[in-house]
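One structure is given here, and the rest of the page talks about it.
The values are calculated or read from the model by the stated rules, or taken from the named source; none is laboratory data. What you see is a predicted model, and the numbers here were worked out from it, not measured in a lab. Neighbour counts run over all protein chains shown; Cβ positions are idealised from the backbone, glycine included.
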Amino acid sequence: MYHTGNLVKELAEKHGRKRESLMPILQDIVKKHNYLTDDAMVAVATELDISAAEVYGTASFYTFLDTEERGKNIIRVCKTITCSMKGKNDIVSTIEDILKIKVGETTPDKMFTLLETNCIGWCHKAPAILINDMPYTDLTPETVIDVIKGYMRK
């Protein structure tokens, strides 16, 4: 858990206190802390004078605005039909085997979270994943092992 009051005030100063400021503020919180706590969402609602339900509704709608704690490295596997047809399931199985977690879980050391997500914009080079903001495409079980091992060394 992280302290939210000062950060939310700081971000409201930076982005403004209008309804349009909601997304940039939420994105900056996630950028800094990897997820949004209930306290953070309430603080944003208070600061912007909107309902907490509206803040939570916005946060839970968008895949990249996580509302629960995630690992340092968030692996998002594209689950579109294109990626599925090109071997997404083998990629997921390989990642689950190497990290010893299932989709939706975080490793005990908080280094990795494995998620499936809607299109990440790389279906033309399927199967594709994002690790944090970095795309990896044209994956095979062998290449995804190399990618994950690279992050394990960081």
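Just so you know, in segment 110-137 the residues that are among the charged types (D, E, K, R) and surrounded by 13 or more Cβ atoms within 10 Å (Cβ to Cβ) include one that is farthest from LYS100 (Cα to Cα), and it is LYS125.
Of all the listed residues (THR113, THR67), the sole one being polar (S, T, N, Q), under 17 Å from the mean Cα position of the chain (by Cα) and assigned to a strand (DSSP E or B) is THR113. Between LYS9, LYS31, LYS14, LYS72, the distinction of being at pLDDT 90 or above, of a type outside the set (Ser, Thr, Tyr) and closer than 25 Å to ASN118 by Cβ belongs to LYS72 only. Looking only at residues in segment 39-56 that are closer than 15 Å to PRO24 by Cα and among the small types (Gly, Ala, Ser), which one is surrounded by the fewest Cβ atoms within 10 Å (Cβ to Cβ)? The selected residue is ALA45.
What number of residues in segment 90-104 are exposed (fewer than 14 other Cβ atoms within 10 Å of the Cβ) and either in a helix (DSSP H, G or I) or modelled with pLDDT of 95 or more (or both)? Number of matching residues: 4. Can you work out which of the residues in segment 37-52 that are among the polar types (S, T, N, Q) and not in a helix (DSSP H, G or I) is farthest from ASP133 (Cα to Cα)? Looking at the filtered set, the residue picked out is SER51. If you go through segment 138-154 and keep only what is at pLDDT 95 or above and not in a helix (DSSP H, G or I), you end up with ASP138, LEU139, THR140. When ILE74 is tested against (1) outside any loop (DSSP other than H, G, I, E, B); (2) surrounded by fewer than 17 Cβ atoms within 10 Å (Cβ to Cβ), just one condition goes unmet, and that condition is (2).
Among the residues of segment 14-36, is any hydroxyl-bearing (Ser, Thr, Tyr), without any contact (Cβ under 8 Å) to a residue 60 or more places away in the chain and closer than 22 Å to ILE131 by Cα? So far as segment 14-36 goes, yes, one or more of its residues are hydroxyl-bearing (Ser, Thr, Tyr), without any contact (Cβ under 8 Å) to a residue 60 or more places away in the chain and closer than 22 Å to ILE131 by Cα. Taken together, the criteria exclude VAL55 from residues that are in a helix (DSSP H, G or I), closer than 22 Å to LEU115 by Cα and touching a residue at least 24 places away in the same chain (Cβ under 8 Å).
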